[in-house]
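The values are calculated or read from the model by the stated rules, or taken from the named source; none is laboratory data. All values reported here derive from a predicted model rather than from experimental measurement. All Cβ positions, glycine included, derive from the backbone under ideal geometry; neighbour counts span all protein chains shown.
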Amino acid sequence: MSVRQTTADVVVVDYGLGNLRSVTRGLERAGAEVSLSEDPAEFDAADGIVLPGVGAFSEGMDNAGPFREALVEQAEAGKPLFGICLGMQMLLTTSEEADHEGQGDAEGLDLIPGKNVRFSRDQTVPHMGWNELDVTRDHPLVEGVDGEHAYFVHSYYAVPDDENATVATTDYGADFASIVANDAGNVFGTQFHPEKSGETGLRILRNFVDYCLDH
């Protein structure tokens, strides 16, 4: 008789821009065995991959260049891939940020087709603080978090090509996608920082760990 695995082995991608300490601590509190990796070859043995991130989109994609092929391969093979903040934006196709900052075109991972756009001029940028999550469709990541609050710090937000890619929205003058996922459900991201979002964030991280164990 096989024994069900009880701890998920999660790799956090270390590409130089992640909030690695708090992300690692949050995942460990959620029950994961966590390793930081600068080696894409280590993705194969992981139950799930986390792509954290703070900073600019173009710099993130430049730094993540050595990981791009492996991340896409793992995602297309069905492995859970969780992008956090900038990491979520990197799951999309492009971002206005590169143009806005005069950095030219920057190509995202294109695992969730869409574009990241800047908040309008009548909104205070960056959007910073606690805001409510309105879950718009079922996904294992959001079990038990509808109506709860999470902590945001960002100036750009995701606009997926397919509206069904939006799992939850948040109101900041207008509704924006605060959680997104691909059609298969194994690639997803949060615009907010679950590792800084108290019990709500911990619930999301636990949901992620459970998802890794189930897949």
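Miscellaneous remarks
- All told, Asp161 falls short of being over 23 Å from Pro80 (Cβ atoms) and among the charged types (D, E, K, R).
- Count of the stretch 179-202 residues which are part of a strand (DSSP E or B) and more than 10 Å from the chain's Cα centre (by Cα): 0
- Residue check for Thr200: among the polar types (S, T, N, Q) and closer than 22 Å to Glu73 by Cα: no
- Any chance Val10 is at negative phi, in a strand (DSSP E or B), aliphatic (A, V, I, L, M) and touching a residue at least 60 places away in the same chain (Cβ under 8 Å): yes
- Looking across the stretch 115-152, the residues that are among the hydroxyl-bearing types (Ser, Thr, Tyr) and loosely packed, with under 15 Cβ neighbours inside 10 Å come down to Ser120, Thr124.
- Residue among Asp110, Asp99, Asp105 that alone is modelled with pLDDT under 95, assigned to a loop (DSSP other than H, G, I, E, B), acidic (Asp, Glu) and over 22 Å from Ser197 (Cα atoms): Asp105
- Looking only at residues of the stretch 39-80 that are outside any loop (DSSP other than H, G, I, E, B), closer than 19 Å to Gln5 by Cα and of a type in the set (A, V, I, L, M, F, W, C), we find that the one that is nearest to the chain's Cα centre (by Cα) is Ile49.
- Ala77 vs. criteria under 23 Å from His215 (Cβ atoms), free of Cβ contacts under 8 Å to residues at least 12 places away in the same chain and out of contact with any helix residue (DSSP H, G or I) (no Cβ under 9 Å at 6 or more places or on another chain): yes
- For the stretch 60-73, a residue qualifies if it is surrounded by fewer than 20 Cβ atoms within 10 Å (Cβ to Cβ) and in contact with a helix residue (DSSP H, G or I) (Cβ under 9 Å, 6 or more places away or on another chain), and the qualifying residues are Pro66, Arg68, Glu69, Ala70, Glu73.
- Search result, residues across the stretch 203-215 that are of a type outside the set (Asp, Glu) and either in a helix (DSSP H, G or I) or within 11 Å of Val142 (Cα to Cα) (or both): Arg203, Ile204, Leu205, Arg206, Asn207, Phe208, Val209, Tyr211, Cys212, Leu213
- Sole residue being touching a residue at least 60 places away in the same chain (Cβ under 8 Å), surrounded by fewer than 23 Cβ atoms within 10 Å (Cβ to Cβ) and of a type in the set (D, E, K, R), chosen from Asp214, Asp171, Asp175: Asp214
- For Ser35: the one exception among (1) in a strand (DSSP E or B); (2) under 17 Å from Val187 (Cβ atoms); (3) more than 17 Å from the chain's Cα centre (by Cα): (2)
- Filtered residue count, the stretch 18-54, keeping only those that are closer than 14 Å to Cys85 by Cα and either buried (at least 21 other Cβ atoms within 10 Å of the Cβ) or in contact with a Pro (Cβ under 6 Å, 6 or more places away or on another chain) (or both): 7
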